[in-house]
1. Say we join alpha carbon atoms closer than 10 Å with springs in a Gaussian network model of the chain; which of Leu97, Leu304, Leu114 then has the biggest fluctuation?
2. What Kirkwood radius, in Å to one decimal, follows from the Cα pairs of the range 10-142?
3. Using a 1.4 angstrom probe on the protein heavy atoms only, line up His126, His70, His142, His95 by accessible area, largest first.
4. Could you give the accessible area per residue of the chain, probe 1.4 Å, as a whole number in Å²?
5. Which of Glu348, Glu294, Glu147 ends up with the largest GNM mean-square fluctuation for the chain, with Cα atoms connected below 10 Å?
6. Greater than 24 Å separation of Cα atoms is the criterion. Which listed pairs, Lys351/Lys380; Lys185/Lys380; Lys185/Lys334; Lys291/Lys351; Lys19/Lys380; Lys19/Lys48, meet it?
7. Quick one: plug the Kirkwood hydrodynamic radius of the chain (C-alpha pairs) into Stokes-Einstein at 20 °C, 1.002 mPa s, and report D in µm²/s.
8. Compactness ratio of the range 301-396: Cα Rg over 2.2 N^0.38 Å, N = residue count?
Amino acid sequence: MLDGRRVLLVVSGGIAAYKSVILVRLLRQSGARVDVVMTASAEKMVGKVTFEALSGRPVLTQIWTDPLAHVELGGEADLAIVAPATANILARMAHGLADDMATSTLLAAGCPVLACPAMNQRMWSHPATRANVEALAARGVHILGPEVGQLAEGEEGPGRMSEPETIFLTAARMMRSGSPIAGLKVVVTAGPTLAPVDPVRFVGNRSSGRMGLALASSAWLRGADVVLISGPTSVPPPYGPRVVRVETSAEMGEALERELEDASVLVMAAAVSDFVVASPSEEKIKRAGRKALEVQLEAGPDLLVATRDLRTARGVLTLGFALETDAPLENARKKLDEKGMDLVAVNEAGKPDRGVGAETNQVTLLDSNGVVEEMPLMTKSEVAERLIDRLEDRLR
Ligand code: CTP
């Protein structure tokens, strides 16, 4: 994801410095080169060798070892991350001090800066820190956290550094800007919808939501403003998108109408129930005295059809799915036309390695211009990346 990107990681002296070790690993695993600079107090928390081993690069701590290193490092980085950012380093950054390797490098950095504060809650709420953070934010420094929770000294409050995974995803999003999808509102639907039979029972389907969640995450990582409308899933939603939880197809329809008002892109990955229970019971249906239970199903709303006029009026670029068992391309082409989609990803139903409920997927993408692209079997995250690439092509 971050092949060829260069990250400058400034570690200052907070106890959360140990979490930055994991951040280095995540950045490296995704292909980024990481140069670590530590303050003198950071070295009291975590050994320099640990960061050297994980980054595979020398860790810089002293300005006098190589007097021009701070200018070079700052100039070459695509992103500077300060994690943890103590009250002290935030104050020094806010005032433009350059009294050690860390602050000199940050002052020489022309790239975006992501600061992840970590400190005692009273230090965080002190007017001096507030003013410093406001000044930095006004200058364009992206402040992530701190999170509320248990602090090192046993107190509870805002002061915990964000988790390495959260910092990593935020950093990736900052570095992957420049996508035509960045800044656009993208609505993604995911998961199943349920048709209630009574207050406890429902008719549902096997959708895990994974494909939709991966698409939402991929669009968010490219800078889109993503709203994820999700039916009930056991897979946790990705970090980033705003999540709207729904249960029934009617609720998903209402959420869609609302969110599409100012959207530019719709990705319809939800397995919306085609049939809903005609008259769900308000009380729990008792078993006693029954040999069988007949449940009458009737056609529910088709959400793509229902939103077609709204999408056309607003020019919403739409990617949908088609789950097919026979004549997949023919059926999918029909769905594309009838439901007003720009792109449709065709899935084969009934195979364990693809489609509903699986961890991997194989899709063939059809577009309204007649182009057909058969994609290989991949993880759902990989499929999502490729599909968002195609949406980007269309936006260009
Ligand atoms: N879809 C929808 N509303 C429904 C059913 C499906 O908006 N009630 C959307 C899906 O999210 C998907 C596309 O329509 O993007 C195609 O879904 P699919 O299940 O393949 O097709 P159906 O329209 O349900 O048709 P059929 O079951 O007859 O194949």
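1. Answer for the Gaussian network model of the chain: Leu97.
2. Values: mean 1/r = 0.0678 Å⁻¹.
Computed over the range 10-142, the radius equals 14.8 Å.
3. Values: His126 100, His70 35, His142 75, His95 130 Å².
From most accessible down to least: His95, His126, His142, His70.
4. Numbers: 18520 Å² over 396 residues.
Averaged over the residues of the chain, the accessible area is 47 Å².
5. Glu294
6. Details: Lys351/Lys380 15 Å; Lys185/Lys380 22 Å; Lys185/Lys334 27 Å; Lys291/Lys351 34 Å; Lys19/Lys380 28 Å; Lys19/Lys48 14 Å.
Beyond 24 Å: Lys185/Lys334; Lys291/Lys351; Lys19/Lys380.
7. Diffusion coefficient, whole number: 91 µm²/s.
8. Working: Rg = 13.2 Å, N = 96, 2.2 N^0.38 = 12.5 Å.
The reported ratio for this selection is 1.06.
The values are calculated or read from the model by the stated rules, or taken from the named source; none is laboratory data. The structure displayed is predicted, hence computed values, not measured ones. Here Cβ is always computed from backbone atoms with ideal geometry, including for glycine, and neighbour counts include all displayed protein chains. Accessible surface is based on the protein model in full, side chains and every heavy atom, while ligands, DNA and RNA are left aside. Shrake-Rupley method; radii C 1.70, N 1.55, O 1.52, S 1.80 Å.
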